[in-house]
1. Which one of these does residue 170 not meet: (1) surrounded by 21 or more Cβ atoms within 10 Å (Cβ to Cβ); (2) within 16 Å of ligand 1 (Cβ to nearest atom); (3) over 17 Å from residue 264 (Cβ atoms)?
2. Name the residue, out of 141, 185, 172, that is without any contact (Cβ under 8 Å) to a residue 40 or more places away in the chain and more than 24 Å from residue 100 (Cα to Cα).
3. If I ask for residues that are within 14 Å of ligand 1 (Cβ to nearest atom), in contact (Cβ under 8 Å) with a residue 60 or more places away in the chain and in contact with a strand residue (DSSP E or B) (Cβ under 8 Å, 6 or more places away or on another chain), which ones from segment 1-19 would you list?
4. Filter segment 87-103 down to residues that are within 15 Å of residue 122 (Cα to Cα) and out of contact with any helix residue (DSSP H, G or I) (no Cβ under 6 Å at 6 or more places or on another chain) and give me whichever is surrounded by the most Cβ atoms within 10 Å (Cβ to Cβ).
5. Of the conditions (1) part of a helix (DSSP H, G or I); (2) touching a helix residue (DSSP H, G or I) at 6+ places or on another chain (Cβ under 6 Å); (3) surrounded by fewer than 21 Cβ atoms within 10 Å (Cβ to Cβ), residue 196 fails just one. Which one is it?
6. Filter the helices (runs of 4 or more DSSP H) completely within segment 59-161 down to those with at least 2 residues that are under 28 Å from residue 320 (Cβ atoms), away from ligand 1 (no atom under 11 Å from the Cβ) and in contact with a strand residue (DSSP E or B) (Cβ under 7 Å, 6 or more places away or on another chain).
7. Taking segment 162-193 as the search range and keeping residues that are under 21 Å from the mean Cα position of the chain (by Cα) and in a strand (DSSP E or B), which one is nearest to residue 332 (Cα to Cα)?
8. Considering only residues that are out of contact with any helix residue (DSSP H, G or I) (no Cβ under 7 Å at 6 or more places or on another chain) and within 16 Å of ligand 2 (Cβ to nearest atom), which ones fall in segment 2-13?
Ligand code: NAD
Ligand code: MG
């Protein structure tokens, strides 16, 4: 029986994870659930999965949730805030932590799980982008097991012997990318796209931040950086290939000419079920892939002029040190501003680029350095926003 802490339970990955867990009560139990604001949804999840602990983002939400659970007769203890997230991620009561908080807010708890030697199912790619070397060193020191939930990395993991790329004839990793909703849209109209248009992904249903990242293809850039840290290959051996159908989730090419791919319907329950049960296999509720109905699998090269965020991510990985931390922080600030109607879509890349040009790129010796870089980049990105030239309307 795996005892699971699910961080980010009310989000898109949280929903899919609980769906898979609910199909296999004999294998998986929920030790703790954590979310930010939506305590009502968290309350429903507590009623169904009966965790020992629940964590929310504020004392008010904690009070409301506590009162609700008490009235429902549930013994679930409620706490709130970042320190409580770190605690449930490292607690003895769980062996597995699903890290599915969005953005930098998920770093500390993911690292706490790594320090505590947990089996970590990582959705929160931003944590690895911000602090790759530190994160991997922490995992290696504690003996934690890191299993990727991101569909591309999960696919690559499945195409590698024992999930490892070192010294086994692996030549290249090929990350597939749908190209998002704007792959073919006229370039001169991109400045006017709305948050809802950017969030209308053709193949995947996801949270709003990652949906915007998919529309700019920053998501694929973050994933190249994520792949570098997870599998230890340099930037030059990680390719991005557009594949609009999102059926091949990624590939590994080997020195003998073989290319292995993992295929499936675009449904996050597949990689989640894979990582939850690994090395076993369990049902995920996903419809079988009907390749005759798909009929065609198409491929294109990625266009860096259309997707400047992808270029910026490549540059950040090549620059090393804190450059990826800066990239991620500036992107989070810019995407938030875009979602709130304060920034044009095409200005997301401008904010990231100007922040990367102005931030100091330093070596990251520890968590303090990561947080300092993140902080400085957010300040510079907010300055770029305030500068006005980049603003919406
Ligand atoms: P989402 O916005 O749907 O959900 C985010 C979750 O994080 C929510 O439960 C929210 O309550 C919680 N959260 C947000 N801020 C928090 C804070 N400060 N403290 C505590 N909890 C907080 O996002 P999502 O689409 O589920 O994505 C989650 C992560 O998984 C992201 O890092 C994303 O890049 C990654 N991911 C998502 C998908 C997908 O299909 N949705 C695929 C691959 C990777
Ligand atoms: Mg992905």
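Where a number appears in this text, it was derived from the coordinates with a stated rule and is not lab data. Just so you know, these numbers come straight off a predicted model, no measurement behind them. Using ideal geometry, Cβ is built from the backbone for each residue, glycine included, and neighbour counts are taken over all protein chains shown.
1. (2)
2. Matching residue, one of 141, 185, 172: 185.
3. Answer for segment 1-19, where residues must be within 14 Å of ligand 1 (Cβ to nearest atom), in contact (Cβ under 8 Å) with a residue 60 or more places away in the chain and in contact with a strand residue (DSSP E or B) (Cβ under 8 Å, 6 or more places away or on another chain): 5, 6, 7, 8, 9, 13, 14, 17.
4. 101
5. Result: residue 196 fails condition (2) only.
6. Those helices (runs of 4 or more DSSP H) span 107-115, 151-159.
7. Filtering first and then ranking leaves 177.
8. 11, 12, 13, listed by residue number.
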